[in-house]
Amino acid sequence: MLFSSIFRRHLLAAAAVSLLSATAQAADIRVMCYQDGIECDVTAELIKRFEAQNPGTKVILDVVPYKTIVEQLPVQLAAGQGPDIARVTDLGGLSKYYMDISAHVKDRAYWDRSFGGTAAWLRPEPSDRGIYGFMTQLTMTGPYVNKTLFEQAKIALPGPRATWEEWVDATRKVATATKTKAAMAWDRSGHRFAGPAISYGAKIFDAQGNAVIDDGYKTAVNKFVGWHKDGAMLREVWAGSGGSTYADSIGEFINGNAVMVLSGSWQIGRLQKDIGNKFDWVAVPNPCGPAACSGIPGGSAWVALKTSKAPKDVGAFLDFMASDAAYAEFTGRTNNIPAHLGMAGKVKYTSTQPAVTSALAYSARAWAISRQRPSNSKATNSTAPSCCLPWRV
């Protein structure tokens with residue numbers, strides 16, 4: 001009887017130790033996410049599915065403003081702190097903080113096949129072959145127009161090769177006729193300014209990667225300043241804050257304060273959600289300058305970070321998010337252009353709004369064209385193709 005009692009006590013103790021060991025091995029990983037529409041909301045649902053399939057791992061989703069990704073995350077990483085995974089747009093600028101998860105993905109060939117076209121954007125060096133994450137989406141900058149205001153003003157939309165001057169003239173007339181606050185607004189962003197500047201002949205960077213202030217750039221700046229001075233451009237977006245602080249113009253567009261905005265395809269989901277049936281909107285081709293009719297391609301990515309203490313769990317989660325099923329669902333529900341090479345033209349978008357379908361199709365075509373036609377711009381990440389600026393700010 002005594003032996004039986006002692007045996008039971010030892011058995012219970014062993015079970016407790018085993019339970020504590022299993023608990024200690026269970027990992028919590030933090031994921032920092034910003035969203036233009038419902039990207040983090042969809043991610044939260046996918047996380048529940050991942051946790052059900054991986055009961056030893058807990059994923060904590062921190063939803064933050066985009067400003068946090070731009071301003072606070074780099075500071076955290078420089079101090080050796082930060083999340084395990086983040087959704088970022090400054091791909092090359094933050095690459096020194098990325099963690100290689102090659103050893104923690106199930107099928108390296110799948111990653112190469114699916115994301116090989118953009119994998120180099122996340123690598124710190126051209127010779128590097130690591131896996132540091134994947135592009136959640138591809139993006140293209142371009143204008144969005146309040147079609148209802150054009151119809152109310154009885155003014156036709158300018159054609160596909162219309163110049164910036166023609167668009168300014170048309171939107172100014174619409175704004176006057178409909179008593180709209182401003183004809184245009186551009187996101188407060190050097191990335192957004194780059195497209196029109198290139199259209200006016202700006203090189204942006206020379207062959208050594210140094211900034212160039214040439215005649216094309218000066219022309220674009222003078223046009224831009226002039227449009228602010230004469231009231232065509234909504235002043236609040238660029239004059240509303242100091243320094244290099246980012247500000248988007250989509251909120252002003254949604255609130256009916258601008259006839260046209262220059263933003264990007266990542267805002268399509270937000271346009272669908274926040275405009276609803278208030279008015280009809282449409283994506284239009286980038287206006288032309290004497291040198292080009294240029295937008296700027298880019299995108300955002302999930303990246304693994306060196307601050308993580310759980311590389312296996314980080315690899316497992318990114319493996320799940322990069323899988324065909326999860327990636328297709330994320331892309332379809334968030335109205336984004338896929339970076340997954342196997343899904344081009346195959347994503348089933350959940351939106352039924354014609355404006356959304358048309359805008360996505362146009363953005364995808366414009367992105368494909370930009371990849372075939374080199375521009376004068378130079379990417380912040382030396383491993384990215386010269387046609388692209390794979391960042392948004």
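Data table
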| quantity | calculated |
| --- | --- |
| Residue match in the stretch 58-67 (condition: in a helix (DSSP H, G or I), of a type outside the set (Phe, Trp, Tyr) and over 22 Å from residue 245 (Cβ atoms)) | no |
| Failed item in (1) modelled with pLDDT of 95 or more; (2) outside any helix (DSSP H, G or I); (3) among the small types (Gly, Ala, Ser); (4) more than 27 Å from residue 245 (Cα to Cα), with residue 185 passing the rest | (4) |
| Among (1) surrounded by fewer than 23 Cβ atoms within 10 Å (Cβ to Cβ); (2) over 30 Å from residue 51 (Cβ atoms); (3) modelled with pLDDT under 85 - the single one residue 275 does not satisfy | (3) |
| Single residue of 101, 60, 69, 85 found to be surrounded by 15 or more Cβ atoms within 10 Å (Cβ to Cβ) and free of Cβ contacts under 8 Å to residues at least 60 places away in the same chain | 69 |
| Residue in the stretch 185-198 that is exposed (fewer than 14 other Cβ atoms within 10 Å of the Cβ) and among the hydroxyl-bearing types (Ser, Thr, Tyr) present | no |
| Some residue of the stretch 125-140 being in contact with a strand residue (DSSP E or B) (Cβ under 9 Å, 6 or more places away or on another chain), part of a strand (DSSP E or B) and among the β-branched types (Val, Ile, Thr) | yes |
| Per-region count, the stretch 328-347, residues under 16 Å from the mean Cα position of the chain (by Cα) and without any contact (Cβ under 8 Å) to a residue 40 or more places away in the chain | 1 |
| Residue list for the stretch 237-267, filter: out of contact with any strand residue (DSSP E or B) (no Cβ under 8 Å at 6 or more places or on another chain) and either touching a residue at least 12 places away in the same chain (Cβ under 8 Å) or hydroxyl-bearing (Ser, Thr, Tyr) (or both) | 244, 254 |
| Top-ranked residue of the stretch 209-220 - restricted to ones that are over 18 Å from residue 163 (Cα atoms) and within 27 Å of the chain's Cα centre (by Cα), ranked as surrounded by the most Cβ atoms within 10 Å (Cβ to Cβ) | 212 |
| Residue 159 under 23 Å from residue 253 (Cβ atoms), free of Cβ contacts under 8 Å to residues at least 40 places away in the same chain and either touching a Leu at 6+ places or on another chain (Cβ under 7 Å) or not hydrophobic (A, V, I, L, M, F, W, C) (or both) | yes |
| In the stretch 209-257, the residues that are of a type in the set (Val, Ile, Thr) and part of a helix (DSSP H, G or I) | 219, 221, 225, 237, 250, 254 |
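The values are calculated or read from the model by the stated rules, or taken from the named source; none is laboratory data. Just so it is clear, the structure is predicted and the values come from calculations on it, not from any experiment. Cβ sites come from the backbone with ideal geometry, for glycine too, and all protein chains shown count toward neighbours.
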